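Take a look at the structure set out below.
The values are calculated or read from the model by the stated rules, or taken from the named source; none is laboratory data. None of the values given here were measured: they were computed from a predicted structure. Here Cβ is always computed from backbone atoms with ideal geometry, including for glycine, and neighbour counts include all displayed protein chains.
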Amino acid sequence: MSSRLRLAALLGMATLLVIVAILQYQWATQLSTAMEVQIGSNLRSLMNRWHRDFYDELSAICIAIQVGPDSGAHDDWNDYLQRYAEWNRDEANPNLVREIYNWQTSAREKPELLRLNPNDKSLDSVSVPPELEGLLTRLRTNSRNLRLSLSAWEFPNSSEKEHPAGSNLMPSSGFRSNALAGWQFDEKTLALVHPVVHHVNPFNSQTPVNREAVDWLVVVFNLGEIQNRILPLLASRHFGGHAGLEYKLAVVALGDKPGFIYSSDPALRVNDVGNFDFIMNIFDSSPSNMNEELWQTVKRNQALRGQEWRNLSAPVWFPVIQHTSHDEPWVLILQHRMGPVGAIARSVWHRDLIIGGIVLVLLAANMGLIVFASQRAQNFAKVQMEFVASVSHELRTPLAAIFSAAENIKDGFVEGEKNLKFYGSLMTGQTRQLIDLVDHILLFASTRSGKTQYVLCPLTVSEILQAVRKNATGLVEGAGCTLEEHIAPGLPSVLGDLSAVCTCLQNLIANAAKYGGEDRWIRLSATCGETEKQTKEVRISVQDHGEGISRPELPHIFEPFYRSPKVIAAQIHGTGLGLALAKRIAEGLGGRVSVVSEPGVGSTFTLHLGAAEDQEGKLAAANSESTRTMKNE
């Protein structure tokens, strides 16, 4: 692959990664938005069911008393009393209703308050409780006729223009103006009222009454029962899980003095209302008339989140009596235990982006590795081809010499003992060169596969150098080089395999003879030193005065098949295996090969072997492994 094609491939992969990253970002954003909407939809459904069940609790008494659309024209107070007594006896929770009153406002004289007593099934005349004075006064004011009484919930001079445009909490004017059921709810005193066509006073049937005016049925609820049983039960039913409540919720009265009706978390404060994810006006009062500071906080926080749709409007079941221009609505507020829905969605979004980013990084790394591997494979293929060419050349030269000598002998051109010896020596030398080349290749293959095993034993430096001189003399003399030795006195023995150590040093000497330059000088020296771990080692160095190795080439000279471009250009024969083989042999013996080179000055290759006295444990382990191998074989 040419550099232009590689560049085009890299640009294509980079473009692909950018496109995938953009799609990943859009997908994560859409998924986060969809998740938030889904959570909101589920919670809206839960809150609506909660609201329905809450109204079921409050309306149970209304259904039981059965005030019909004729506002009780065909029933008298004894009928209501009887139904109330039956409901109070059969209902599973008789404590919900605290009292039921008959507010006699149709009498021409002073109105009278009668209490329905379900236990004795009697109507008792009672004084007006202080908490009902405001409500009863309001009802009396609107009791002149049935039509006026059905609108008793309206505050004088109130109008729908007070409600902010576009507000999701706006009441339904249709439901409010058409109180078909006739029931009206008073949040302030927690009571339901219903106008009833007047009946004869049960205590004095001769009392004059106003035939157009109405009386009132007043159902007063027990706030403690709602707070302590009904609201916790509904919270557990609709917002609970295996580990308790999954949401933080509260019912708050947002009047001039806001306060909690019920709270699932004692740590909640009224000022936290605006920070909750969802808010539902339970009785659908006008949001513009609630506590101004809290309502502004709600609007501000919802606007910042861009999610005003979280302000839910509940169905209107009972019109709410407005005592002043400022309502005191009850609202249900809700938030997940893990935090705001927006924060949960953002955390999911961040998680998806991080996961997607990691995947993209891995994909980019994989693409980079593929490009790198392809480039390495290309370079390796090129090196292999050069190796094949070099080996072919190394094989062809001695084979051609042997073939030529053999042809001359066969054709009878070689006569005399002297010429025969010359040709015999020539053929022997070329054959030895072929054997050495094959041995190098086979030895490299065995070291590469890891099958080569060395028999480690203590060796003296003099013993090693004597074997090296014996094997390398012909090589040095054939190259016309001078071999100079310098051995420091008192060197310790080393741990190694004599044959392997000699092969390693012979490769270093052959490398120096081949690339030693015109000086044709080689120095073989041995010294003692210490490793980084403060252990003794013997350093056997091979030095030449050749052209040296440039700094960029130094990391590659021990790679298999590598040959410097200068060497290839100079047409110096070789296979590129000598230094690689020397390095692998040294590492197999537990040592290493280092190099110091300077262009124009020369190179020094050093074989580092550990002293035998510091390697006794290693020797014992090696011998033990060798013994086990022999037994297994």
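Is there any pair with a first residue in the range 52-71 that is under 28 Å from R237 (Cβ atoms) and touching a residue at least 40 places away in the same chain (Cβ under 8 Å) and a second that is part of a helix (DSSP H, G or I) and charged (D, E, K, R) whose Cβ atoms are under 9 Å apart and which are 6 or more apart or on different chains, and what are they?
D53/R237; I65/D79; I65/R83
Based on this model, can you work out whether I61 counts as touching a strand residue (DSSP E or B) at 6+ places or on another chain (Cβ under 6 Å), part of a helix (DSSP H, G or I), surrounded by 12 or more Cβ atoms within 10 Å (Cβ to Cβ) and at pLDDT 85 or above?
Working: touching a strand residue (DSSP E or B) at 6+ places or on another chain (Cβ under 6 Å): yes; part of a helix (DSSP H, G or I): yes; surrounded by 12 or more Cβ atoms within 10 Å (Cβ to Cβ): yes; at pLDDT 85 or above: yes.
Yes: the conditions hold for I61.
For the range 448-462, does any single residue satisfy the condition of being at pLDDT below 80, closer than 25 Å to G576 by Cβ, among the small types (G, A, S) and not in a helix (DSSP H, G or I)?
Scanning the range 448-462, I find at least one residue that is at pLDDT below 80, closer than 25 Å to G576 by Cβ, among the small types (G, A, S) and not in a helix (DSSP H, G or I), so the answer is yes.
What are the pairs with Cβ atoms under 9 angstrom where one residue, in the range 455-474, is under 16 Å from E485 (Cα atoms) and in contact (Cβ under 8 Å) with a residue 40 or more places away in the chain and the other, located anywhere, is surrounded by fewer than 18 Cβ atoms within 10 Å (Cβ to Cβ) and charged (D, E, K, R)? Sequence gap at least six, or different chains.
As it stands, the answer is L465/E485, since those pairs meet every condition given.
Could you say whether any residue in the range 573-583 is crowded, with 22+ Cβ neighbours inside 10 Å and without any contact (Cβ under 8 Å) to a residue 60 or more places away in the chain?
Yes, the range 573-583 has at least one match.
What tally of residues in the range 389-414 results from selecting those that are modelled with pLDDT under 70 and more than 17 Å from D436 (Cβ to Cβ)?
Here is the first cut: in the range 389-414, the residues modelled with pLDDT under 70 are 389-394.
Going one step further and asking which of them are more than 17 Å from D436 (Cβ to Cβ), we end up with 389.
Residues that pass the stated criteria total 1.
Find all pairs meeting these conditions: Cβ atoms under 6 angstrom apart; at least six residues apart or on different chains; first residue within the range 189-203 and closer than 19 Å to A152 by Cβ; second residue assigned to a strand (DSSP E or B) and modelled with pLDDT under 65.
Pairs found: H198/V209.
Return yes when I509 is assigned to a helix (DSSP H, G or I), touching a helix residue (DSSP H, G or I) at 6+ places or on another chain (Cβ under 9 Å) and within 19 Å of A580 (Cα to Cα) and no when it is not. Steps first, please.
Details: assigned to a helix (DSSP H, G or I): yes; touching a helix residue (DSSP H, G or I) at 6+ places or on another chain (Cβ under 9 Å): yes; within 19 Å of A580 (Cα to Cα): yes.
Taking the combined requirement at face value, the residue satisfies it.
So E36 ticks every box in (1) within 29 Å of H238 (Cβ to Cβ); (2) in contact with a helix residue (DSSP H, G or I) (Cβ under 7 Å, 6 or more places away or on another chain); (3) of a type in the set (D, E, K, R); (4) modelled with pLDDT of 85 or more but one. Which box is left unticked?
(4)
Among the residues of the range 535-552, count how many are part of a strand (DSSP E or B), of a type in the set (G, A, S) and surrounded by 21 or more Cβ atoms within 10 Å (Cβ to Cβ). Give the steps one after another, and end with the answer.
Looking only at the range 535-552, we keep the residues that are part of a strand (DSSP E or B), and these are 536-544.
Adding the requirement that they be of a type in the set (G, A, S) leaves 541.
This time we only want the ones that are surrounded by 21 or more Cβ atoms within 10 Å (Cβ to Cβ), so: none.
Number satisfying all stated conditions: 0.
Determine which member of the set R115, R49, R89, R98 is under 54 Å from the mean Cα position of the chain (by Cα), of a type outside the set (G, A, S) and outside the structural domain of F318 (by TED's automatic domain parsing).
Numbers: R115 fails: under 54 Å from the mean Cα position of the chain (by Cα); R89 fails: under 54 Å from the mean Cα position of the chain (by Cα); R98 fails: under 54 Å from the mean Cα position of the chain (by Cα).
After applying the criteria, what remains is R49.
For the range 89-133, enumerate the residues that are part of a helix (DSSP H, G or I) and surrounded by fewer than 19 Cβ atoms within 10 Å (Cβ to Cβ).
Within the range 89-133, the first condition is being part of a helix (DSSP H, G or I), and the residues that meet it are 89-90, 130-133.
Hits for the range 89-133 are R89, D90, P130, E131, E133.
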